[in-house]
Amino acid sequence: MMDYSITFPTGTVKYMSQGSFAALGSVYDPSHCIIITDDNIAALYSSLLKTYKTIIIRAGEEHKNLQTIESVAQQLLQSEIHKKSMMIGLGGGVVTDITGFVASVYMRGIPFGFIPTTLLGMVDASIGGKNGVNLGLNKNILGTIRQPEFILFDPGFLKTLSTAEWSNGFAEIIKYACLFDANMFEELSKHSIEYYMQDQSSLNSLILRCVEWKNKIVLADEKENNSRKLLNFGHTLGHALENLYHLTHGQAVSLGMIAACTIAESTIKTEVSVKQRLLQMVQQYKLPYQYHFDVKKTMGLLKMDKKRNESSIDYILLEDIGRPIIKSLSFEVIEQILESSDHASHH
Ligand SMILES: NC(=O)c1ccc[n+]([C@@H]2O[C@H](COP(=O)([O-])OP(=O)(O)OC[C@H]3O[C@@H](n4cnc5c(N)ncnc54)[C@H](O)[C@@H]3O)[C@@H](O)[C@H]2O)c1
């Protein structure tokens, strides 16, 4: 698969699907670019960054906040970055969210592009044009929807990724399989993280398939009025748990998907095998399936989710693998189910 472009309502994205960071300089003049990255990546890839102006943020979800936005914006000014410059986010979801957000508001919007360096970034965070930051424990509550000019996929970056970060990426891959792709679910059930680490072509086609699913959904509903909500499967409870308990995004999504199966069992008609199959799958990809959380505290955060209505929330549930539905559930019902499930921590 070579380069291709997709036009969304808020912009056209050029996908460089088997790209290499080294070739970037022949597409964008390095003297017009500024790279935003985190301190882990800057340390690992310092030689690649030599010819670029860079802004280095601190790694970690706790830095995806307004303080970092302000500091990056100040450094953009000092570096005399203007509307004809190109801001490039090189990193995982934290870096690309920060980059997309700043680029959307700095001087009322300057061009930006992404080079995702985590598996989660390649299959999800860099795609779709949503760029959010946290306000306290409330995840992605401030955000923009604006597409990057390009996304360059260089699988070479995955060589330095830890197994724990590979697991995180698989949480989102499993999410797509659950929502849209029973065949992909089957394929995943036959393999493991180690298999995909070693088999470059299987990994590439898996990444490509996830990118295609996400783009298909975003094209149909960029502003998340209806079908894009489906992509939040596992994220409603997941987002609340992520910041409350300092879990990684993938761990939180994994727990959120299992809890959604528990909720589905008492609110809709769902195949009995779904939860069992998902439990097996997340364990196979080294993701957590059980976590005892404080339901009251978690509900406090869940209530502030972007998908909330007055006294209910649009919850994503599975009737079967590949058959998602959006169900409006009252906070009361969700709380009752979680309290009586084995997810709740009873002090
Ligand atoms: N905008 C969206 O649509 C969207 C979608 C999904 C997730 N997200 C966001 O993405 C974030 C999670 O993304 P993530 O898992 O990529 O997290 P991350 O950016 O925190 O990266 C995870 C860790 O991996 C390190 N790292 C990155 N690339 C590396 C490499 N090549 N080698 C070694 N280490 C490397 C980072 O320094 C960091 O410590 C969350 O904030 C989540 O909310 C956004």
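The values are calculated or read from the model by the stated rules, or taken from the named source; none is laboratory data. The model shown is predicted, which means the values in this text are computed figures rather than measured ones. Every residue, glycine as well, gets a Cβ built from its backbone with ideal geometry; the counts of neighbours run over all protein chains shown.
Here are some notes:
- Given (1) closer than 22 Å to Y15 by Cα; (2) in contact (Cβ under 8 Å) with a residue 40 or more places away in the chain; (3) near the ligand (Cβ under 10 Å from one of its atoms), number of the condition N134 does not satisfy: (1)
- Being within 10 Å of the ligand (Cβ to nearest atom) and surrounded by fewer than 17 Cβ atoms within 10 Å (Cβ to Cβ) holds for only one residue in D97, D39, and it is D39.
- Residues of the range 72-94 satisfying the condition of being assigned to a strand (DSSP E or B) and either at pLDDT below 95 or more than 16 Å from the ligand (Cβ to nearest atom) (or both): M86
- Flag not set for K130, criterion: more than 20 Å from A73 (Cα to Cα) and either buried (at least 19 other Cβ atoms within 10 Å of the Cβ) or not assigned by TED's automatic domain parsing to the domain that holds N225 (or both).
- Of the residues E271, E319, the single one that is part of a strand (DSSP E or B), in contact with a strand residue (DSSP E or B) (Cβ under 8 Å, 6 or more places away or on another chain) and of a type in the set (D, E) is E319.
- Hits in the range 27-66 - residues which are among the small types (G, A, S) and in a loop (DSSP other than H, G, I, E, B): A59, G60
- Taking the numbered list (1) outside any loop (DSSP other than H, G, I, E, B); (2) within 11 Å of the ligand (Cβ to nearest atom); (3) within 26 Å of L244 (Cβ to Cβ); (4) not charged (D, E, K, R) in turn, I69 passes all entries but (2).
- Count - residues of the range 134-160 that are within 17 Å of L120 (Cβ to Cβ) and crowded, with 18+ Cβ neighbours inside 10 Å: 10
- Unmet requirement for Q18, which otherwise passes all of (1) closer than 22 Å to S162 by Cα; (2) within 16 Å of the ligand (Cβ to nearest atom); (3) within 25 Å of the chain's Cα centre (by Cα): (2)
- When the range 12-28 is filtered for residues that are loosely packed, with under 15 Cβ neighbours inside 10 Å and either in contact with a Phe, Trp or Tyr (Cβ under 6 Å, 6 or more places away or on another chain) or modelled with pLDDT of 95 or more (or both), only T12 remains.
- G109 vs. criteria within 20 Å of E62 (Cβ to Cβ) and surrounded by fewer than 23 Cβ atoms within 10 Å (Cβ to Cβ): no
- When we screen D39, D97 for residues that are more than 27 Å from V211 (Cβ to Cβ) and not hydroxyl-bearing (S, T, Y), the only hit is D39.
- E149 being more than 15 Å from the chain's Cα centre (by Cα), more than 9 Å from the ligand (Cβ to nearest atom) and under 26 Å from Y285 (Cα atoms): no
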